[in-house]
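Trainee: Below is the structure I would like to discuss, written out as structure tokens.
The values are calculated or read from the model by the stated rules, or taken from the named source; none is laboratory data. All of these numbers come straight from a predicted model, not from anything done at the bench. Glycine gets a Cβ as well: all are built from the backbone with ideal geometry, and neighbour counts include every protein chain shown.
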Amino acid sequence: MSAEERMILEMLREGKVSVEDAERLLNAVRTGGEQSRRRSASLLDSGWWEEVERSLGETLSKVEDRIARVVTDLPRSSLRMPLRGVKRKRQREAQGFEPVALDDGTFEIPANARVEVDVEGGALRVEEAPGPAHVSFDREGHDWEWAVQALGDTYVICVYASAVWAGVPNVALSLPPVRSLTCRVSGGSMSGLKLSSSLDIAVEGGSLQLTDVTGALNLKSAGGGIGVHGAGPSLTAVSAGGPISFQGATEALDIKTAGGSVSLDHALLSAGEHRVESAGGGVVLVLDLASTVTIDAAASGGGVDVNLPGAVGEARNRYGTGQYTGTLGAGTAALQLRSSGGSIRIHAQESEAPAGQTTE
């Protein structure tokens, strides 16, 4: 007997309800209880819990995937994800890359080699020197690994974390002149000295500094600035969140920066087409007076200031914007300057040293 039935019978005994009313109440309680039991049995028989469990499982799986993607995309400086370096190494092994014999970090490399350097979590320093290639580190440890792999004329030097929250050391690489050098550095900075190879470099989370370089340059930086000194056939540089500076000579200059300024110091431009764009920062151009260049400059959010002895041109500044069109020398090179949110300053300086060499 249920609690409701006992209550109705107690009310009948005390005379609070009639026999007819008690019967109706008892029938209602019993009928309602039976219907409730039938509904419960129907829900259990329908497998509703299995459906809810399946739906919850799918939702949790999607949440886990999203969390994994977010964690993987975190800056390398805040979290090391060792599976990235391990995964790429295994992928190369599946492609046929084989380990290179090492003698205390030293190995032979042919002059026609294509070299790739992949560093995760540490800084990289590369210097060109005759003789075999050599890799060294500023500390030892058990939570990181490195390897040299080769397939044909392609050599890969990889340094990566082997445990979560691992600390990868700074890497120093010395190598002879090679056909091309590609570097990927995540979570650290990179510097290069006396490099004659064609360079393709991407740095995430640190700055990029190159000194006395003479090859074609393709440079990218996220979160740090780019500085270049040298002379080469071309320079393409893109920076997100950092400034770009260049000192030297080139026949093809293409610079873009977002959130940083551009500085071209003692630039020698005598041929080719050149373009500089800055969003959120100004542009300062100090031209070598030996340059022969036609200039087209425009700034929004700032003016254009020009001081080029011997140049023929006109600057117009009005209502927070500025423009300049002019020619220095024979105008054999073409330079386009654009600045959004900053001013443009164009000045000149006499030559003090040959292009690509340090001035005293």
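Trainee: Give me a count of the residues in segment 236-249 that are buried (at least 18 other Cβ atoms within 10 Å of the Cβ) and free of Cβ contacts under 8 Å to residues at least 24 places away in the same chain.
Mentor: Number of matching residues: 7.
Trainee: Please determine whether any residue of segment 256-269 is more than 32 Å from the chain's Cα centre (by Cα) and of a type in the set (A, V, I, L, M, F, W, C).
Mentor: Checking segment 256-269: not a single residue is more than 32 Å from the chain's Cα centre (by Cα) and of a type in the set (A, V, I, L, M, F, W, C).
Trainee: Right, another one. Could you tell me which residue of segment 113-147 is modelled with the lowest pLDDT, considering only residues that are within 26 Å of the chain's Cα centre (by Cα) and of a type in the set (Asp, Glu)?
Mentor: Taking the candidates together, the pick is Asp143.
Trainee: Restricting attention to segment 154-173, does a residue exist that is crowded, with 19+ Cβ neighbours inside 10 Å, at negative phi and among the polar types (S, T, N, Q)?
Mentor: no
Trainee: Condition first: of a type in the set (D, E, K, R), outside any strand (DSSP E or B) and over 24 Å from Ser340 (Cα atoms). Can you find one or more residues in segment 245-259 that meet it?
Mentor: So far as segment 245-259 goes, yes, one or more of its residues are of a type in the set (D, E, K, R), outside any strand (DSSP E or B) and over 24 Å from Ser340 (Cα atoms).
Trainee: Identify the residue in segment 268-282 that is at pLDDT below 95 and under 16 Å from Ser339 (Cβ atoms) and, among all such residues, is surrounded by the most Cβ atoms within 10 Å (Cβ to Cβ).
Mentor: Ser278
Trainee: Further question: Taking Ser221 as meeting all but one of (1) within 15 Å of Val117 (Cβ to Cβ); (2) within 22 Å of the chain's Cα centre (by Cα); (3) among the small types (Gly, Ala, Ser), write down the number of the exception.
Mentor: In the conditions (1) within 15 Å of Val117 (Cβ to Cβ); (2) within 22 Å of the chain's Cα centre (by Cα); (3) among the small types (Gly, Ala, Ser), Ser221 misses (1) alone.
Trainee: In segment 136-146, how many are within 14 Å of Gly105 (Cβ to Cβ) and surrounded by 18 or more Cβ atoms within 10 Å (Cβ to Cβ)?
Mentor: 2
Trainee: State the number of residues belonging to segment 306-333 that are more than 15 Å from Leu289 (Cβ to Cβ) and polar (S, T, N, Q).
Mentor: Residues meeting the conditions: 4.
Trainee: Would you check if Gly227 is modelled with pLDDT under 95 and surrounded by fewer than 24 Cβ atoms within 10 Å (Cβ to Cβ)?
Mentor: no
Trainee: Related question: Go through segment 307-337 and give me each residue that's of a type in the set (Val, Ile, Thr) and either buried (at least 20 other Cβ atoms within 10 Å of the Cβ) or assigned to a loop (DSSP other than H, G, I, E, B) (or both).
Mentor: The one that is of a type in the set (Val, Ile, Thr) and either buried (at least 20 other Cβ atoms within 10 Å of the Cβ) or assigned to a loop (DSSP other than H, G, I, E, B) (or both): Thr332.
Trainee: If Glu204 satisfies all but one of (1) in contact (Cβ under 8 Å) with a residue 60 or more places away in the chain; (2) under 29 Å from Gly331 (Cβ atoms), what's the number of the condition it fails?
Mentor: (2)
Trainee: Looking at Ala172, Ala150, which is the one that is of a type outside the set (S, T, N, Q), assigned to a strand (DSSP E or B), farther than 17 Å from Lys89 by Cβ and at pLDDT 95 or above?
Mentor: Ala172 is the lone residue from the list that is of a type outside the set (S, T, N, Q), assigned to a strand (DSSP E or B), farther than 17 Å from Lys89 by Cβ and at pLDDT 95 or above.
Trainee: With Ala249, Ala311, Ala290, Ala298 as the choices, which residue is in contact with a strand residue (DSSP E or B) (Cβ under 9 Å, 6 or more places away or on another chain) and under 27 Å from Leu208 (Cβ atoms)?
Mentor: Going through Ala249, Ala311, Ala290, Ala298 in turn, the sole match is Ala249.
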